[in-house]
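Structure first, commentary second.
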Amino acid sequence: MIGMKEIAKLTGVSVSTVSNVLNGRTNVSQKTRERILQCCSEYGYSLPPGPKKTNTDKADTVLFIFSDFDRDFYLKIIEGINDCLMENGYDLIVCTNRSSQKLTKRSFVRGAICLDGSISDEIFTRMARQDFPAVLMDRVLPSGSIHVKSVIVDNYPVMCDMVQTLVDKGYRKFGFLGGLNHTLDHKERYTGFTDTLKKNGIPFDPKYYFHGNYRERSGYQAAKLMILSQDYPEVLVCANDNMAFGVMKAFEEHQIRVPEDIAVTGFDDSDAAAMAGLTTVTIPRYESGYLAAKELLEMIQGKADKAPFKIQASIVWRNSVR
């Protein structure tokens with residue numbers, strides 16, 4: 001069945017413009033409005049009805065909480081969230097941790113989507129309640145909550161696939177640059193890495209394990225440590241793209257060739273990864289945002305399954321690996 005995204009492509013406009021027309025907003029030119037309505041008529045598309053409101057309903061507004069401005073894929077997630085909410089007649093407020101704790105108590109907010117590691121599990125558990133459900137991205141509450149749904153990347157199998165392919169390519173001396181130890185992403189990616197090496201009978205030397213924090217500078221510093229010691233693995237598996245960029249920058253400054261001298265992989269497939277020729281794992285960020293919003297709307301209507309929703313990822317092989 002055709003959706004709003006397809007109507008936007010057919011008419012050469014944004015999804016938000018299509019939504020504005022179908023919701024009767026006046027901020028679109030008459031010519032564009034007529035083109036969109038004609039296309040909708042030809043393909044039999046109309047805006048799905050939103051949830052019915054009563055006089056006691058809160059205004060249809062959802063929070064997206066985040067605070068890491070260093071990672072550009074957040075824009076894709078926000079776009080996916082916004083498109084889903086607009087299709088269903090909801091508004092979106094983007095806020096940081098500090099302001100979110102005030103906004104969650106306001107009567108006009110229906111629920112929240114959170115992608116912010118600075119909010120503790122305890123605070124998030126207290127925040128979510130029957131009249132204020134929440135979706136937690138990239139994290140699962142250890143104690144669980146009937147008012148919280150997790151939408152997470154299925155990191156483990158895709159990391160296993162990547163490392164297995166590296167082994168099949170002939171690499172035997174592996175390094176790993178991890179993220180923040182407490183994060184689910186780091187735990188699953190590192191476990192997939194070590195389990196696959198163990199499966200192939202390849203020992204992992206702890207001296208090739210480097211600590212990072214998902215930021216480019218930590219990758220740069222890890223590479224400098226290798227350069228100072230003059231001791232390199234054959235391939236360095238990085239827990240995200242930003243750290244891989246820092247590694248490659250340091251290597252380039254010291255005339256260490258990638259992949260001839262050392263191969264490098266990332267995780268996330270940010271926009272800069274293709275330009276850098278970085279082998280990485282691509283995650284459907286727009287779709288993850290859209291699905292997070294969809295799950296939250298179902299929770300607001302009392303329909304959602306509370307089991308974590310896992311998003312599949314895939315590998316993109318580029319020339320940072322031989």
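Take the conditions (1) loosely packed, with under 15 Cβ neighbours inside 10 Å; (2) without any contact (Cβ under 8 Å) to a residue 12 or more places away in the chain; (3) in contact with a helix residue (DSSP H, G or I) (Cβ under 9 Å, 6 or more places away or on another chain); GLU252 misses just one of them, which is (3). Given the structure, is LEU236 touching a helix residue (DSSP H, G or I) at 6+ places or on another chain (Cβ under 7 Å) and either modelled with pLDDT under 95 or buried (at least 18 other Cβ atoms within 10 Å of the Cβ) (or both)? Yes: the conditions hold for LEU236. Scanning region 204-218 for residues that are closer than 19 Å to PRO259 by Cβ and in contact with an Asp or Glu (Cβ under 9 Å, 6 or more places away or on another chain) turns up just one, TYR208. For region 135-156, the count of residues that are of a type outside the set (D, E, K, R) and part of a helix (DSSP H, G or I) is at least one.
With respect to the conditions (1) within 30 Å of ARG217 (Cβ to Cβ); (2) surrounded by 22 or more Cβ atoms within 10 Å (Cβ to Cβ); (3) in contact (Cβ under 8 Å) with a residue 40 or more places away in the chain, VAL148 lacks only one, and its number is (1).
When residues in region 10-41 are screened for being surrounded by 11 or more Cβ atoms within 10 Å (Cβ to Cβ) and in a helix (DSSP H, G or I), 19 of them pass. Take the residues of region 89-121 that are farther than 23 Å from GLY302 by Cβ, part of a loop (DSSP other than H, G, I, E, B) and in contact with a helix residue (DSSP H, G or I) (Cβ under 9 Å, 6 or more places away or on another chain): which is modelled with the highest pLDDT? Selected residue: LEU115. Looking at PRO203, is it loosely packed, with under 15 Cβ neighbours inside 10 Å, under 18 Å from the mean Cα position of the chain (by Cα) and at negative phi? No, not satisfied.
The values are calculated or read from the model by the stated rules, or taken from the named source; none is laboratory data. Because the structure is predicted, anything quoted here is derived from the model rather than measured. Please note: Cβ atoms are built from the backbone with ideal geometry, for glycine as well, and neighbour counts cover all protein chains shown.
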